[in-house]
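Structure first, then comments.
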Amino acid sequence: MTSASTNPQKAPRSKVMRFDEELQYLVDTLFTCKANLTIALRWFNIYTMRDLHRELGKDDVRRRVRFKDGDENGGEELFDEQEYEDILHICSYLNWRQNCWGRVEMVKIDIRTETSRE
């Protein structure tokens, strides 16, 4: 048996969790690969926009998110190259949003209605 420090893979949470409304909107609106993206997000325990920003900020997660169960060594690919690039652009979008409105902790905005610079 390996310890948590030597085994970087995460196990999905046992109970079924739902994405928050903002993350669900992002997935539904921006991506054509909804089913596979949902699998990947759940594997990395990403259920909120804050989780998404925190986890996709990590190099190893960005690298492993493309593969089923986070297995980059022979795992089944969930996304083609363009879909993968689109997912990586989420970080840029979240950074842009933070520059416009401030940190998520300080200013909670709803991306469904408040994404204009006006």
Problem - With all protein chains modelled, accessible area of T29 [1.4 Å, Å²] - result: 80 Å²
Handout entry: Top positive-direction residue, dipole computed over the stretch 24-92 with Cβ charges, set T29, S92, H53
Key = H53
Practice task
Tell me which residues come under 5 Å, amide H to amide H, from F67 once H is placed; ignore anything under 5 positions away on its chain.
Solution key: L78
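The values are calculated or read from the model by the stated rules, or taken from the named source; none is laboratory data. What you see is a predicted model, and the numbers here were worked out from it, not measured in a lab. Every residue, glycine among them, receives a Cβ derived from its backbone with ideal geometry; neighbour counts consider all protein chains shown. Surface accessibility is based on the protein's heavy atoms, side chains included, excluding ligands, DNA and RNA. Shrake-Rupley method; radii C 1.70, N 1.55, O 1.52, S 1.80 Å.
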